[in-house]
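Just below is one structure, and these are the notes that go with it.
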Amino acid sequence: MTSPAPKQSFSIILELWQFIARYKKTLVAACIALVFTAAITLGIGQGVRILIDEGFGAKSDAALRNAVFIIMSLSVCMAVGTYIRFYLVSWLGERVSADLRKAVFNHIITLHPSYFETNRSGEIMSRLTTDTTLLQTIIGSSFSMALRSSLTFVGALIMLLATNMKLSLIILACIPLVLMPVLLYGRRVRNLAKSSQDSIAHVGSYAGEIIQHIKTVQSYNRESSEMTAFGSEVDAAFNVAKKRVQQRALLIAAVILMMFSAITGMLWVGGNDVISGNMSGGELAAFVFYALMMGASVATISEVYGELQRAAGATERLLELLNVDSLIKPGALKTPQAHDKKQHPFVAFKDMHFNYPSRPDQMALSKLNISIEKGKSLALVGPSGAGKSTIFEMLQRFYDPQSGSITMDGVDIKDMDTHHLRQQMALVPQQPALFTADVWYNIRYGKPDASDQEVIEAAKAAHAHDFIMQLPDGYASHLGEQGTRLSGGQKQRLAIARAILKDPKILLLDEATSALDAESEHHVQQALEALMKNRTTLIIAHRLATILHADNIAVLDQGELIAQGSHTELLSSSPLYRRLAELQFQDKKLDEDSKIKELEML
């Protein structure tokens, strides 16, 4: 999946803000809890000073009890504040990642199909799952830690300056040295994090493809080679992740070394001041407490900075999907314009030229002019690659032509609402698409509000009711992924039942009976003939015997219409059609002769 140049982290956070800003009250409450816990943490340092100077130093039991009570009270307040902060921030992370996941998915399913020709579905799924999960962790945990550490750092610095100016200057002098590795390694960590996410997505995509075609893999005994290939993909992802982890480890180690070197120098100077009487032991202890707090804050920020860079990479990948523009812009018309419909054919392709975006140099349809009258049937025949399936996809507006137009009742379908346009059609493909759900869901897919009785009647009309009732749970039986628990003929009869239930104005049949046995084909053909009656029907025909009674037959070759007419007319006028007919009917005669010979031998 190709990606644009990386954006700046700040601009990515601004784009992400639109999802966070919906929950401003939760964000404000979390920030209040964050400030409260940071203030309490800083107050513990003063409790330590009182404990040492007034408790240990003055050897007073009352002062010791007061100091311990103050520290304990502050600890309880910090625990309560931390609970509130952690819950609110974690909730916010979960909610924002869920909203982003929904927004990306809602956008993806509206994109033009050509987008999925050049982008692997497995990688898109990785962005939806892995990247949003990472984002949830960052917002719900790491981002909170970064804010808390930043507040603690600033507060500890103020307390240091108030406690001892000379020692504070030592710490301040070392801050640029501490920030240098953060700035130096931060961008490198982010780029490696994005590469790591890309490589993980590639691994998931590869594995998904192999699992989807597991029967083919095992049929060709390719298990060992696929194991080796997958191992190489995993190792490549590991190597990228190893570089990212190495850079993050170097970043954290450098920050810790710099910070604690500064604290060690401060202890040496402060210790001499205590010995000489210029500073009390409690002040030095409080100073050390704040210095350690600063050091821990900087170490946490440097560690979380790597996670935030990783989140920036994940967010960028998600926003790339969210910002993809669909090439199919929906029109606004839900009903055709008021004019005399009799002047126009119901569906017409006018001077249409089209090539697929993934194959810009290969013309799929050229100079196409075909019209279909309302209630009539049109069969499309021709060799493989002639453009028959492309016409179906163009009519459903999965693609728009480079030139020419497709009209319905005289209205260009580009001007029509795509939802309304597709609602008028039902497709019965050669390889039906079934979902991992029960029979009810799959038949109702084109008409979700259909009653149970309507579903059953549609199944009966498609001659699917009998085999459905033989399934373990009848209509409530789950079909497995892509309907793997059904035979090819059973899948096709469910697809026919789905089309019958939808009751469309335009019926698209892509050799809808090709996977059926002879008896089922006879019954389903009868059901289809009843369904086709007074309904505009387009038929992709690979077997000419199935379209002998079509009102019109269009012969296509290499994307061009080369002949049109009835079966009898085309036999005399189209050499290509005549050749296809001779081949098919000759093969059929040979099959019948061989069956007769087998019967005679018996």
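A few remarks follow.
- Measure of compaction for the range 345-395 (Cα Rg per 2.2 N^0.38 Å): 1.20
- The L27 and L267 beta-carbon pair, evaluated with R₀ = 25 Å, returns a calculated FRET efficiency of approximately 0.05.
- Scanning residues 5 or more positions from A364 or on other chains, those with amide H under 5 Å from its amide H are F354, N355, Y356, with H placed 1.01 Å from N in the peptide plane.
- For D551, residues with placed amide H under 5 Å, excluding near neighbours: S377
- Where Rh is the Kirkwood radius over Cα pairs, Rg/Rh for the range 446-495: 0.94
- Counted charge near E94, where neighbours are those whose Cβ lies closer than 13 Å (Asp, Glu -1; Lys, Arg +1): +2
- Alpha carbon centroid spacing (whole Å) that separates the range 63-108 from the range 223-241: 40
- A simple packing score, the average count of other Cβ atoms within 10 Å per residue, orders the peptides 493-506, 359-372 as 493-506, 359-372, with the highest score first.
- FRET efficiency, 1/(1 + (r/R0)^6) with R0 35 Å, evaluated for S75 and K166 via beta carbons: 0.70
- Put a dot 7 Å past the Cα of H549, heading toward its Cβ, do the same for N323, and the two dots end up 5.8 nm apart.
- Cα-projected label distance for S219 with A433, points at 7 Å along beta-carbon direction, nm: 2.3
- Scanning residues 5 or more positions from L380 or on other chains, those with amide H under 5 Å from its amide H are I539, I540, A541, A554, with H placed 1.01 Å from N in the peptide plane.
- Pairwise centroid distance, computed over Cα atoms, of the range 265-295 with the range 346-397, Å: 83
- A protection proxy built from the mean count of other Cβ atoms within 10 Å ranks the segments 570-581, 548-559, most packed first, as 548-559, 570-581.
- Rough spin-label spacing in nm, given labels placed 7 Å along Cα→Cβ, for K243 and K367: 5.3
- Ordering of 219-227, 28-36, 374-382 by packing [mean C-beta count within 10 Å, highest first]: 374-382, 28-36, 219-227
Quick note: the coordinates plus some simple rules give every number you see, no bench work behind them. Keep in mind it's a predicted model, so treat the numbers as computed, not measured. Here Cβ is always computed from backbone atoms with ideal geometry, including for glycine, and neighbour counts include all displayed protein chains.
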